[in-house]
Amino acid sequence: MELKKPDESAYLNCIRCGLCLAVCPTYREYLKETASPRGRVALARKGLEGKLELSPNLIEQMYGCFACMACNDLCPVGIHPADLALSMRNVQEQIRPAKWKQWLFGGLISHADRMELATLPLRLYQKLGIRRLLYMLGLNRFLPARIRDLEAMLPRIPQRPLRRILPEVTEARGDVRYRVGFFLGCAQSLLFADQSAATLRVLARNGCTVITPKDVECCGMPARGYGRMDLVENQARHNISVFEKCNVDFVITDCATCGSTLKDYGSLLAGDSEWSARAEAFSRKVRDISEFLSQIPLKKPSKRIDTKVTYHDPCHLRRGQQVWKEPRKLLSLIDGLEFVELPEADWCCGSAGSQLITHYDTSSKVLNRKMDNVAKTEAHILASGCPGCQMQLNTGLKRRGLPLRVVHPVTLLDEAYGGADGE
Ligand code: SF4
Ligand code: SF4
């Protein structure tokens, strides 16, 4: 089979100006060329032109990229080092496919029911009170730093995945103005069920009948991050056909990562004559929840929330979707809420999916920088619209002993509407 490689336009025009170095979180921590966008572009070029072996060491530099896309935005000649690093991971998978990736992304993450089973131990860990005991007795302090940080990432896990309890149709309250689909992502269903339940209440309160198909698969981002574009394409085809049956005007998600991936299905399947038009039509309908709510007339929330809030921009929202004014606009609708801008709000938090697991030291350093900035705000709430960022931010806050609450901006809006008991 012919190797699918990035086109030479992906690297050839790099003028080595170095502008991208200033915005790269991995370069800023190590000041090493190989940890920079420019260095990654040069390595990829040498590897693709056959001047360097596509060795595990070379590919590791591609996995060291956090895919934050800051370099993509800045490059004056249109090089996208973040995309190139992801493409190189895909090249490696075609040459030396790793069996565990097929098992993890094709066999487990693609199947919601298997994911629910796999996360059962985590639910039991919290439900049986083991976690509470760990913190009450201060035993978490004795865990190795890595394990303690990973444990701290976990939110309060719902007793049942949202997919199990959510109705397929959530009726609009009052007059129906829109019929929308809701893409319930894996993390939202398994870990952040309360947030997505709040999202659906806000939509229903604002005249939306919401269709939530239960048979969607993972959006595809985890497989993309590990070079398995074949699996991402299959997941895209599946999700497109699921929503085609729903007959909705928009497809809404409250996960920044899912949103940026779903919006990309059009370009992902552009070369597939059977699917390109369908994928394009699907992607055109996708909206992040804050983007959608900012575009429709909203009911004024009736409750005050008297506190200080700041906001961290998820890379997949700010750069992946160019959505950053919208979440701030939603927060400004809430009476009593004092908004304070986070310094370097758009600087990556170090999550990048699984970097705290796979690149612990770098991820930790990047997170520390974020926490330095969070501490300066003196806010009580840290809002962010991505479950991956929220988990990473929780770890950073617990590490520093900072008592901020991490929450999705739309959850705050729901609280200002009165939450589940609101009128
Ligand atoms: S990737 Fe773009 S910004 Fe970075 S060195 Fe090359 S040309 Fe300059
Ligand atoms: S995507 Fe982010 S981490 Fe990766 S090279 Fe670009 S700026 Fe650096």
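Observations on the structure shown:
- Where a label projected 7 Å from the Cα of Thr358 along Cα→Cβ would reach, residues of the stretch 191-221 with amide N under 20 Å: 218-221
- Loop sites in the stretch 110-177: trypsin sites (Lys or Arg not before Pro), DSSP, at most 11 other Cβ within 10 Å: Arg156
- Once C-alpha pairs closer than 8 Å and six or more residues apart are averaged by separation and normalised to the residue number of the chain, the relative contact order reads 15 percent.
- In order along the stretch 278-290, phi translates into HN-Hα couplings of 5, 5, 4, 5, 5, 4, 4, 7, 6, 9, 5, 4, 5 Hz, rounded to whole numbers, per the Karplus curve 6.51 cos²θ - 1.76 cosθ + 1.60 with θ = phi - 60° and x for Gly and Pro.
- Between helix 360-377 and the chain: long-axis angle, C-alpha atoms, 0 to 90°, nearest 10: 40
- Aspartates and glutamates with Cα under 12 Å of Lys214, excluding same-chain neighbours fewer than 8 positions away: Asp113, Glu168
- By other beta-carbon atoms within 10 Å, ranking Asp175, Asp254, Asp335 with the fewest at the front produces Asp175, Asp335, Asp254.
- DSSP assigns beta bridges within the stretch 162-295; of those with both partners inside it, close to 15 percent run antiparallel.
- Put simply, the amide H of Val286, placed in the peptide plane, has neighbours under 5 Å in Val251, leaving out anything fewer than 5 places away on its chain.
- For the chain, calculated [θ]222 nm from helices alone, where every DSSP H run of n ≥ 4 adds -39500 (n - 2.57): -13500 deg cm²/dmol
- Gained length - Glu378 relative to Cys246, 0.36 nm times residue gap less alpha-carbon distance: 43.1 nm
- Net charge contributed by nearby residues that have their C-beta within less than 14 Å of Ala172 (K/R +1, D/E -1): +3
- Distant-in-sequence amide H partners of Val406 (H built 1.01 Å from N, under 5 Å): Leu382
- Gained length - Ser9 relative to Lys329, 0.36 nm times residue gap less alpha-carbon distance: 111.4 nm
- Cβ-to-Cβ counts within 10 Å put Met62, Met391 in ascending order as Met391, Met62, the fewest first.
- Less than 5 angstrom separates the built amide H of Lys308 from those of Glu338, His380, Ile381, all sequence-distant by 5 or more or on a different chain.
- Counting DSSP beta bridges with both ends in the chain, the antiparallel % (nearest 5): 10
- Of Cys255, Asn140, Gly225, farthest towards positive along the dipole that unit charges on Lys, Arg, Asp, Glu beta carbons give the chain: Asn140
- Each principal axis of the stretch 8-95 carries a Cα extent, and these read 32, 26, 19 Å when sorted largest first.
- Overall form of the stretch 277-423: oblate. Here a/c, set by the Cα gyration tensor axes a ≥ b ≥ c, is 1.5 or more, and a/b is not larger than b/c.
- Residue-wise HN-Hα coupling along the stretch 264-277, computed from phi with Karplus coefficients 6.51, -1.76, 1.60 (Hz; x: Gly, Pro): 8, 4, x, 6, 4, 9, 4, x, 9, 4, 6, 10, 4, 5
- With Cα atoms, 0 to 90° folded angle of helix 81-95 axis to the chain main axis: 70
- Around the Cα centre of the stretch 85-139, unit charges on the Cβ atoms of Lys, Arg, Asp and Glu (plus for the first two, minus for the last two) sum to a dipole of about 140 debye.
- Taking 24 Å as the straight-line reach from the Cα of Lys299, the lysines in range (excluding those fewer than 8 positions away in the same chain) are Lys285, Lys308, Lys325, Lys329.
- Phi angles of the stretch 337-353 translate, via the Karplus equation with coefficients 6.51, -1.76, 1.60 and θ = phi - 60°, into HN-Hα couplings of 6, 9, 9, 10, 5, 7, x, 6, 4, 9, 7, 3, 8, x, 6, 6, x Hz per residue; Gly and Pro are given as x.
- By the count of other C-beta atoms within 10 Å, a proxy for reagent exposure, Leu31, Leu293, Leu317, Leu19 are ordered fewest to most as Leu31, Leu19, Leu293, Leu317.
- The alpha carbon centroids of the stretch 1-18 and the stretch 278-311 are separated by 37 Å.
- For the chain, the residue among Met69, Asn13, Gln322 whose Cα projects farthest onto the positive side of the dipole built from Cβ charges is Met69.
- Dipole in debye (nearest 20) - the chain, about Cα centre, beta carbon charges: Lys, Arg +1; Asp, Glu -1: 980
- Cα gyration tensor shape of the stretch 169-216, rounded if a/c is under 1.5, else prolate or oblate by comparing a/b with b/c: oblate
- Selection from Val202, Leu154, Asn239, by position along the positive dipole direction of the chain (Cβ): Leu154
Computed from the coordinates by the stated procedures, all read-outs in this text should not be read as laboratory data. Because the structure is predicted, anything quoted here is derived from the model rather than measured. Positions of Cβ are generated from backbone atoms using ideal geometry, with glycine treated the same way; all protein chains shown enter the neighbour counts.
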